[in-house]
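Worksheet: one structure, shown below.
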Amino acid sequence: MIVESPSKGKTIAKYLGKDFRLMSSQGHIRDIESMGKNSMGIDFKNDYAPNYVVDKDKEYLVESLRKEALKADKVWLASDPDREGEAIAWHIQEVLQLPKDKVCRITFNDTTKESILEAINHPRDIDYNLVNAQQARRVMDRIVGFELSPVLWKKVITGLSAGRVQSVAVRLIVEREREIEDFVPTASYRATAEFVGENINGEATSFKTELNHRFATKQEAIDFLNLCKEATFTLTSVTHKLGHRSPAPPFTTSTLQQEAVRKLHFSVSKTMRLAQSLYEAGHITYMRTDSVNLSALAINTAKATILAEYGEEYHKARQYQTKSKNAQEAHEAIRPTYMNVPVAGNNNDERRLYDLIRKRALATQMADVELDTTRVEVAMSNSPYLWNATHEVITFDGFMRVYTQAADEEITANNQVAIALLNENVNCQLSTAHCQETFTKAPMRYHEGSLVDKMDELGIGRPSTYATVIETIQSRKYVERGAVEGVRRPYNILALHNGRITEKNKSEMVGADIGKLFPTDLGRIANDFLVEQFPDILSYDFTADCEENFDAIAAGEANWVKTVDDFYKTFHPLIKQVPSGKMAARYIGNHPQTGEPILARITKNGPCVQLGDSDTEKPKFASMQKGQSIFTITLEEALSLFDNALPRTLDTWNEHEIVIGEGKYGPYVRHANVFVSLPKGVDPYSVTLEQAVELLQKKKQAEETIHVFGDMQVLEGRYGAYIKTAKGNYRIPKSTDVQTLTEEDCLALINSSEPSSGKKRFTRKK
């Protein structure tokens, strides 16, 4: 039996007999080649056939799988029950060249003994519709990425990437930020009042209300309070309404990601990583699903657990139906494998996520929350406006005994229980009234959970890919988690008490934000270019339509080659229509002394300002400081950057200048031929001479001299001992006793090796 995950394999192996040998493919065993004959790994002349190749790192694994498959009577392909899992099974069959009569494809929604044995008893063939849907997505994403990314290199800077889903996700964040920047708050006055009325026992009872109207200006609010001085007030209505609230459906991938962000403060990627571990260990069902369905077994075990822990009155069986037209999978919702297991997981984070999943699943099979809502209305003799008060009392907690969601948490107790006992159609007395200046609120920035919610709402991508998309746009530096300080805003409060109107001026902090997703300048520029040149491809509707097309392929209702072909014939001509040349930089102004233009632009080293026109002369550049943007930087700020531009000379130390500069790998200190990187978080524009000298001395101490043989030295460096000569540096084997090295030993090592370049070599991850 072949699974895609070693940890999943360990769980399954416990349930299989000696007749089975279990092995893991460790994910996909092959993928579209990185650089084919057409540089894309896709044969456009042969129905967009992908050129699949086995990763070199997996050649040994494939050979091992092939040897074991030849010995076996049957090969059971037990990869995950989704399109990706189906594609993995197909790739294994193709690479190992397994005859169809030897292959048994099985799927299970949880890694329990019962589910696995049931799957073994009911094997099936590979579903090529699911495979083709995955291929269509893979090919289309490859085309978009490989054709759009080079355009970004030419127009913006080298190394940028674009993607069918990732670029649209960036667009959401960029547009939301601009909504916030363009937002102008509108002021109004909210009126509240406290009254004293009579209850059914003839006792005086105070209660708080809010007016059903807001005033646009301060004068309107003052005029209304003056009316209140002369008005008589009548409690015209006291109404009661019994209501109920039902629990939310069990978790899908998307709703689990959102709730884990809100309640546990987990990132989307962390949530999926923990859920994967819980699934592979057999604690929860498969965590990549759009379904809200629960099996009969789950419903029955939930019932038994609820009856045992809470009683009959708390149980109510429910079966939820998946409403999304784009629902990809036909499995269950995410739930515990065994509802009666209260705790599961190998660490605290896994246990917290399991607890969240279990409580949500149990709540779906519990009784509604019952509410008694009281609403009162107070009329004024000289105004058409009404004072209202509403109070909700939970008369039966139902599913909230176990789990609360956002709407449930809004039900809070207050001091107005007595309003349910008020007499209606009687006069009441005004104690105090307030008119407080309030402001409309700007749109909220996205955090990971709300971004997932929006993408899910628009049908952008799939919940199973959200974690990867959000990670990608941050690693590409299009988006960053950031913070913004708030500003003080004054507001006004008018109060009426004992027939006198008073005024107070207060202030509040507004606009502060932390841990939200902010677009970087790079993200804005890339987004603006893509939206301008490829509006259809960056459209939310187009991205959602793609998902519907993939769904149709998976259902056998559409041909994947035709789907890709229809897209490519529309998309490819757009690439050739992009005008040549770099994107225009933002003109800030002219230098007051030289008259040279000053521009703001993106370079390979990040946002910067440019002095001079690159078409006529060699310009000067100055990097922007943290918090500055090419879209908002002023001429004054730009001039200040040039005055303190890097590289800058601090002073002379030990007969050589100390220079602060910035290179490919960040800011550094240079002294003679010695370079030291500045620690993370240190501002290169504020580094002092003392700080620079300290860094240089620390590096010198780290490179202690062990031996000196003329112009040849043996030094202890950061990565171990080495020989330093005029021709270069030579590594010394770690097994060598450097303290006993002689000049002859050093010469022998030099003659038997090549000098190091001094630069670390990195290999691309496959």
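Just so you know, all these numbers are worked out from the coordinates, no wet-lab data involved. The model shown is predicted, which means the values in this text are computed figures rather than measured ones. In this analysis, Cβ positions are derived from the backbone assuming ideal geometry, glycine residues included, and neighbour counts consider all displayed protein chains.
Distance cut-off 22 Å, Cα to Cα: go down the list Lys155/Lys618; Lys10/Lys56; Lys71/Lys100 and report the pairs above it. Don't skip to the end; give the middle numbers.
Numbers: Lys155/Lys618 20 Å; Lys10/Lys56 25 Å; Lys71/Lys100 16 Å.
The answer is Lys10/Lys56.
Using the basic label-point model (7 angstrom from Cα toward the beta carbon), what is the Leu307 to Lys218 distance in nanometres?
So the two model labels end up 6.8 nm from each other.
Give me the distance in nm between label points sitting 7 Å out from Cα along the Cα-to-Cβ direction at Lys113 and Met23, one decimal.
2.7 nm
Pop the C-beta distance of Leu264 and Asp545 into the FRET formula with R0 = 30 Å and round what comes out to the nearest 0.05. Mind dumping the intermediate values first?
Details: r = 34 Å, r/R0 = 1.13.
E between Leu264 and Asp545, to the nearest 0.05, is 0.30.
Any aspartates and glutamates with Cα under 13 Å of the Lys303 Cα? List them, leaving off those in the same chain fewer than 8 positions away.
Straight-line reach from Lys303, under 13 Å: Glu312, Glu313.
Would you work out which of Val75, Ala87, His28 lies farthest towards the positive end of the dipole of the stretch 2-126, given +1 charges on the beta-carbon of Lys and Arg and -1 on that of Asp and Glu, about the Cα centre?
Val75
Could you run the Karplus curve 6.51 cos²θ - 1.76 cosθ + 1.60 with θ = phi - 60° over the stretch 535-543 and give me ³J(HN,Hα) per residue in whole Hz, x for Gly and Pro?
Couplings: x, 5, 5, 8, 6, 5, 5, 4, 4 Hz.
Only four residue types carry charge here, +1 at the Cβ of Lys and Arg and -1 at the Cβ of Asp and Glu. Report the dipole size of the chain about the Cα centre in Debye, rounded to the nearest 20.
Numbers: 96 positive and 104 negative charges, 339 e Å.
Computed about the Cα centre, the dipole is about 1620 debye.
Taking the highest mean first, how do the peptides 577-590, 439-452, 497-510 order by number of other beta carbon atoms within 10 angstrom per residue?
Numbers: 577-590: 12.3, 439-452: 18.5, 497-510: 10.7.
Order by mean packing, descending: 439-452, 577-590, 497-510.
So who's got an amide H within less than 5 Å of the one on Asn729, skipping anything under 5 residues away but keeping other chains? H placed 1.01 Å off N, in plane.
Ser756
Run the dipole for the stretch 2-126 about the Cα centre, Lys and Arg Cβ at +1, Asp and Glu Cβ at -1, nothing else charged, and hand back the magnitude in debye, nearest 20.
Numbers: 20 positive and 22 negative charges, 94 e Å.
Charge dipole, the stretch 2-126, about its Cα centre: 460 debye, nearest 20.
Step through the residues of the stretch 453-460 one at a time and calculate ³J(HN,Hα) from phi using the Karplus curve (6.51 cos²θ - 1.76 cosθ + 1.60, θ = phi - 60°), rounding each to whole Hz and writing x for Gly and Pro.
In residue order, the calculated couplings are 4, 5, 4, 5, 4, 7, x, 8 Hz.
Among Leu353, Thr390, Val378, pick out the residue whose Cα is farthest towards the positive end of the charge dipole of the stretch 342-403, where Lys and Arg carry +1 and Asp and Glu carry -1 on C-beta, about the Cα centre.
Farthest towards the positive pole: Leu353.
Between Ile284 and residues 5 or more places away or on another chain, which pairs have amide H atoms under 5 Å apart, with H built 1.01 Å from N, and which residues are they?
Tyr279, Thr337
Could you tell me whether the stretch 253-363 comes out rounded, prolate or oblate from its Cα gyration tensor? Rule is a ≥ b ≥ c as square roots of the eigenvalues, rounded for a/c under 1.5, then prolate if a/b exceeds b/c, otherwise oblate.
On the way: a/c = 1.76, a/b = 1.18, b/c = 1.48.
Because a/c hits 1.5 or more and a/b fails to exceed b/c, the stretch 253-363 counts as oblate.
What's the ranking of 113-122, 453-462, 132-141 by average number of surrounding C-beta atoms within 10 Å, highest first?
Numbers: 113-122: 14.7, 453-462: 19.9, 132-141: 22.6.
Result, highest mean first: 132-141, 453-462, 113-122.
Which of Lys14/Lys270; Lys8/Lys270; Lys700/Lys724 have a Cα-Cα distance over 21 Å?
Numbers: Lys14/Lys270 27 Å; Lys8/Lys270 18 Å; Lys700/Lys724 14 Å.
Flagged as over cut-off: Lys14/Lys270.
State, to one decimal in nm, how far the label point of Phe183 lies from the label point of Phe642, with both points 7 Å from Cα in the Cβ direction.
Modelled inter-label distance: 3.7 nm.
Skipping prolines and chain starts, which residues have an amide H placed within reach, meaning under 5 Å, of the one on Ala558, given they are 5 or more residues away or on another chain?
Correct list: Ile553.
Of the options Thr205, Val156, Val531, report the single residue whose Cα projects farthest towards the positive end of the charge dipole of the chain (beta-carbon charges: Lys, Arg +1; Asp, Glu -1).
In the chain, that residue is Val156.
For the chain, what does -39500 (n - 2.57) per DSSP helix run (n ≥ 4), summed and divided by total residues, give at 222 nm, in deg cm²/dmol to the nearest 500?
On the way: 19 runs with 252 residues, N = 766.
So the helix-based figure for the chain works out to -10500 deg cm²/dmol.
Mind checking which lysines have their Cα closer than 26 Å to the Cα of Lys441? Skip sequence neighbours fewer than 8 apart in that chain.
Lys208, Lys218, Lys263, Lys454, Lys504, Lys506, Lys516
Please give the contour-minus-distance gain from Lys100 to Asn729: 0.36 nm per residue of separation, less the Cα-Cα distance, rounded to one decimal in nm. Walk me through the numbers on the way to the answer.
Details: separation 629, 0.36 × 629 = 226.44 nm, distance 5.86 nm.
Difference between extended and current length: 220.6 nm.
Using θ = phi - 60° and the Karplus relation 6.51 cos²θ - 1.76 cosθ + 1.60, list the HN-Hα couplings for the stretch 681-692 in order, rounded to whole Hz, with x at every Gly or Pro.
Those phi angles translate into x, 7, 6, x, 7, 10, 5, 8, 4, 4, 5, 5 Hz.
To the nearest 0.05, what FRET efficiency results for Gln577 and Thr239 with a Förster distance of 45 Å applied to their C-beta separation? Before the final figure, lay out each step's value.
Values: r = 64 Å, r/R0 = 1.43.
Once the sixth-power term is evaluated, E becomes 0.10.
Could you name the aspartates and glutamates whose alpha carbon sits less than 16 Å from that of Lys699, not counting residues in the same chain fewer than 8 places away?
Straight-distance partners of Lys699: Glu690, Glu716.
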